[in-house]
Amino acid sequence: MLIAALLIDSGNIHCQDDNNSSKKRVIENLSHHLAVNTEVISEDKIFQALLERERLGSTGLGKGVAIPHARIPGLSHTVAAMMTLSSPIKYDAADKQPVDIIFGLLVPEDNSEDHLEHLSRLVSMFRDPQICQSIRETTDADKMFDLLLAIDDD
């Protein structure tokens, strides 16, 4: 599946968010953004699932990127949201660098194949320093969505 298709539209992209002073606060805000696109899954349930996943090991990839993700019982389809932060935050990433690009992903509990496929595609995309630089330079959600569409086309 294409990255832009996971996001559905630019309403799930939040650029230069400045209300994130900590990893916990980022996950709270991300949970809110993700909950908007679920039928019956509460923001708190999403928050708890993402925190539980972080307890297993940080989802900070390195180079300023994190992909918080969780498998959610009762979820009927994959849900995603993306945030860029106005100021990087400490995130316990593998390279110890602060994070300013966050891509949140929720998948149905029984859909591990899609989960791994989506994560693989995201990791590949975010390992490209030019893509990350373009994402950091984009401050408008519609333009970010267009950028992701263009990346998907490559």
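The values are calculated or read from the model by the stated rules, or taken from the named source; none is laboratory data. The shown structure was predicted, so the numbers you read here are calculated from the model rather than taken from an experiment. Ideal geometry is used to build each Cβ from the backbone, glycine not excepted, and the neighbour counts take in all protein chains shown.
Restricting to the range 20-31, and then to whatever is touching a strand residue (DSSP E or B) at 6+ places or on another chain (Cβ under 9 Å) and not small (G, A, S), can you tell me which residue is modelled with the lowest pLDDT? Filtering first and then ranking leaves N20. If we only count strands (runs of 3 or more DSSP E) wholly inside the range 1-77, which ones have 2 or more residues that are within 22 Å of L119 (Cβ to Cβ) and among the hydrophobic types (A, V, I, L, M, F, W, C)? Ranges flagged: 69-72.
Right, A4: touching a strand residue (DSSP E or B) at 6+ places or on another chain (Cβ under 7 Å) and on the phi < 0 side of the Ramachandran plot or not? Taking the combined requirement at face value, the residue does not satisfy it. The residues listed here are A80, A94; of these, the one that is of a type in the set (G, A, S), surrounded by fewer than 19 Cβ atoms within 10 Å (Cβ to Cβ), out of contact with any Asp or Glu (no Cβ under 8 Å at 6 or more places or on another chain) and not in a helix (DSSP H, G or I) is A94.
The conditions of being modelled with pLDDT of 90 or more and over 26 Å from S134 (Cβ atoms) are met by A70. For the range 44-61, state whether one or more residues are out of contact with any helix residue (DSSP H, G or I) (no Cβ under 9 Å at 6 or more places or on another chain) and surrounded by 20 or more Cβ atoms within 10 Å (Cβ to Cβ). The answer is no, given that none of the residues of the range 44-61 is out of contact with any helix residue (DSSP H, G or I) (no Cβ under 9 Å at 6 or more places or on another chain) and surrounded by 20 or more Cβ atoms within 10 Å (Cβ to Cβ).
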